[in-house]
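What follows draws every value from the coordinates through simple rules; no lab data is involved. Small disclaimer: the values here were computed from a predicted structure and weren't measured. Here the Cβ positions follow ideal geometry from the backbone for every residue, glycine too, while neighbour counts run over all protein chains shown.
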Ligand code: FAD
């Protein structure tokens, strides 16, 4: 025992001596590098020590160590950690790591081989005090090569970290490229992929691996039954993900995250992490950059292998396999996409039906590319497609079809992820003026329709050098303001509370301020004033606010002080949040919605009140977040994938039917026939089977002529359910309609969506009455199907059809539409033609014969006019409305207003109407197109057609049409 102790002592003394020599050797080498005037002396010392036994032994150990590491790293790991390598452990036992050791260690770490990964694992597993020593060493010795290491050790790990790479404000405010480039962004500065990986790993190294996992689970709710505060809405196993990364197992970490969240590349960038995972991080001064780690993983996989994110293991196309019934997903925002992805992965044949011509929901049309690049959404779509998922765009559930019809088409269950896309306005005086629009409209014009790019057709309000205010304090306001800044506008955000109450991702606010956007807090618009001649907004009067007691949201309530301030403005964007779109609800009386219009679910589920119909995301929550939408989509996918109540052959029948329906929805909209109706007026017969199936009199479609075109509304002039065709009549007035009119038979439209708007309200009248239609020019095609329905119902109809001149008239011959109706309904259809120049019919406007009829009715000599329907140039409709108002005859105007999405999402087609002496906002696309002409405030409505007049003229010149 004593002998053993003695020999232990001896060997320990010997080992200390060896350590001493090794230490002196490295010290001399370091001195040699740092202290050039003692070169000779140091050189001698080095040569001496190099030949010492201790150093030779040490070098041999190191070589052995390396060989063993390379040949058998698994075996080596416990030795490495438990017993320690002489060299490394010895270094870590010193007060500080030496410069040369730090360089060598770093060199080994960034080699990206088995040894370097073992070193990562070693460093991840050592106690915090050693980690600190390591960070001090890289701060002191490596910050020349890595400036981001400078000062890193101060307050590390809790208060200091290496931030992701953010492009400088002056550079990024001029373009739409990604602002926060994440850790991968450091590659752009010349660092290698492995170096970047180590920067990420250094961020991970700060983690404490807390037992209670607040980042994943959040804190317990303050009230029983409430949601946990903070944490991850989709319960990504964040501590495990970090642990795997800490051990250098990046691929496994990616695998883990993918299982919980198929959109890490998206949510990592846009989640409000400061309220969720990072908000509850115990390193509260500088939480771990969990969002950045989350999106680094898929992004780094992409750097390594372009197709890494699309691996499909053991994939069998579910449509071909047909052993599970088909599922319809409505809406392609994060809720719908996740739902479709998970169900496709489970082997269900899935079709996603999307209202727009592009996929992604708000991620595409709302969030700008400088925050979320579109190719990330394309990646998700590709992933779903690779799993057999199908997409039908330009398809509006509630219009193109109903939920019930989808089920009849073969879909077993339906998930509704239609979002909350109806913009809110303030309903204050002057809000109808030109130059005041919703953030949805502005962002859609830029993000979806690329209005800011020269080769795209969609017009955009003039922004460059203009004074712009954005009203609101959330992410939408920030995205809009930053977009305007990039287009050369001078932007202020007007917010009624203070900066600290803004419901915005903190990072976005900070970036906006850095980019030169100013804040006008404690201000709320009270009124907008316009230039009398141009009708464009010129000023706003702002209420000066102060903060009162907290309201339901927990934030202090803004209260008007009674003081005001006048501000000169050229453009106003309303970013006040969104309400629910009523389209699905209006078509489905059984679908229960809340008083805010959100679709209700049974508690604890995603089930709606309609059997086999589920919902989630903003459609259910109202404006919320992408990750919550994704979480709902996931939850619904689990609920949908339940017991299947069909036999094998029943499933096969359902799949065949749903597939055929999907194919009909996807079929390209081809021009089958082109008919020249009159000068500049063309009739197109277009293949659009699902629209033809649902079309009703009075409805219209949204047309995208070509990929870079603009979205324009066109009335459905006729349809044929059997042939699957619709008829559109286009008068070439603007450059888009002129270009469409140049299309030929066999050409395809880039997208037609519909039928949109409410069908005409048809009523049966007495024989003695007549329904009068006043059609101005191409007002006739939209009138034609409504008039036909009245005739079919047995009503008497009088058509007053006015054209500019003889060359412009159409459908009047016996074998044409109006002529045929006259022949068929001889006794019940009177047709009166007028022409502005007297070249045929009555000389003058449609109001002439109308006034005669009204007078005759008044003096009892003519038919009673039950209602007047007027469609045509706005001035004509106004004149008709003014005339019939005097006689108290119900009058309906069908409005073809400026539109973008035509489903209520943008608010562009605003029609000011007066109800009980108050101006109320109606939207031609969802409340109309037919509105009571007598409540329309025509004086306010007519100038709205001038909104893009200047841009339209420029476009005509560009296309040589002017
Ligand atoms: P949406 O993304 O709204 O998608 C719904 C889809 O359904 C759309 O494509 C729509 O066209 C389609 N649709 C609608 N009606 C129909 C119909 N009848 N038939 C067929 N298709 C239909 N959240 C964050 O977490 N972080 C952010 O930074 C953030 N920034 C935002 C910035 C802006 C400008 C906006 C507007 C929102 C932002 N949000 C943010 C909120 C977030 O984008 C939404 O909560 C999320 O997109 C909701 O997802 P969803 O799938 O429920 O709906």
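Which peptide among 497-507, 895-905, 761-771 comes first, and what is the full order, when sorted by highest mean count of other Cβ atoms within 10 Å? Don't skip to the end; give the middle numbers.
Numbers: 497-507: 17.7, 895-905: 24.5, 761-771: 14.7.
Ranking the peptides 497-507, 895-905, 761-771 by packing returns 895-905, 497-507, 761-771.
Using every Cα-Cα pair within segment 511-595, state what percent have a distance larger than 16 Å. Kindly include the intermediate steps, with their values, before the conclusion.
Details: 2553 of 3570 pairs.
Cα-Cα pairs of segment 511-595 separated by over 16 Å account for 72 percent.
Could you calculate the FRET efficiency of residue 814 with residue 638 from 1/(1 + (r/R0)^6), where r is the beta carbon distance between them and R0 is 56 Å, rounded to 0.05?
Efficiency, rounded to the nearest 0.05: 0.30.
If you take every DSSP beta bridge whose two residues both sit in the chain, what share of them, in percent to the nearest 5, is antiparallel?
50
Over all distinct Cα pairs, what is the inverse of the mean 1/r for segment 821-958, reported as the Kirkwood hydrodynamic radius in Å?
Result for segment 821-958, one decimal place: 17.0 Å.
Under a plain spin-label model, where a point goes 7 Å from the Cα along Cα-to-Cβ, how far apart in nm are residue 159 and residue 306?
4.8
Using alpha carbon coordinates only, what is the Rg to Rh ratio of segment 531-662, with Rh defined as the Kirkwood radius? Write down the numbers at each step before the final one.
Numbers: Rg = 23.5 Å, Rh = 19.7 Å.
Computed over Cα atoms, the ratio is 1.19.
Dividing the convex hull volume of the alpha carbon atoms of the chain by its residue count, what do you get in Å³ per residue?
223
Send over the per residue convex hull volume for segment 341-389, Cα only, as a whole number of Å³.
71
Among 885-892, 293-300, 375-382, 336-343, how do they line up from the highest to the lowest mean number of other beta-carbon atoms within 10 Å?
For the peptides 885-892, 293-300, 375-382, 336-343, the packing ranking is 336-343, 293-300, 375-382, 885-892.
What FRET efficiency, computed as 1/(1 + (r/R0)^6) with R0 = 60 Å and r the Cβ-Cβ distance, is obtained for residue 143 and residue 742, rounded to the nearest 0.05?
E between residue 143 and residue 742, to the nearest 0.05, is 0.40.
Quote the Stokes-Einstein diffusion coefficient, in whole µm² s⁻¹, for segment 364-431, based on the Kirkwood radius over alpha carbon pairs, a temperature of 25 °C and a viscosity of 0.890 mPa s.
My calculation gives 157 µm²/s for D.
For segment 766-882, just run the numbers: alpha carbon Rg, then divide by 2.2 N^0.38 Å, N being how many residues it has.
My calculation over the Cα atoms of segment 766-882 gives 0.99.
Using the per-residue mean of other Cβ atoms lying within 10 Å as a proxy for protection, in what order, highest first, do the peptides 555-564, 824-833 fall?
824-833, 555-564
Hey, if you drop one equal point scatterer on each alpha-carbon of segment 82-172 and run the Debye formula without solvent, what base-10 log of I(q)/I(0) do you get at q = 0.11, 0.21, 0.22 Å⁻¹?
Relative scattering, expressed as log10 I(q)/I(0), comes to -0.35, -1.13, -1.22.
Cα atoms only: what Rg and Dmax, in Å, come out for segment 126-252?
17.4, 54
Taking a quarter of the surface of the convex hull around the Cα atoms of segment 645-685, what do you get in nm²? Could you put the intermediate results ahead of the total?
Details: hull surface 16.5 nm².
Projected over every direction and averaged, the Cα hull of segment 645-685 covers 4.1 nm².
Would you kindly state how much longer the chain becomes between residue 56 and residue 660 on full extension, computed as 0.36 nm times their sequence separation minus their alpha carbon distance, in nm to one decimal? Intermediate results must be reported in sequence, preceding the final value.
Working: separation 604, 0.36 × 604 = 217.44 nm, distance 7.77 nm.
Extra length available between residue 56 and residue 660 comes to 209.7 nm.
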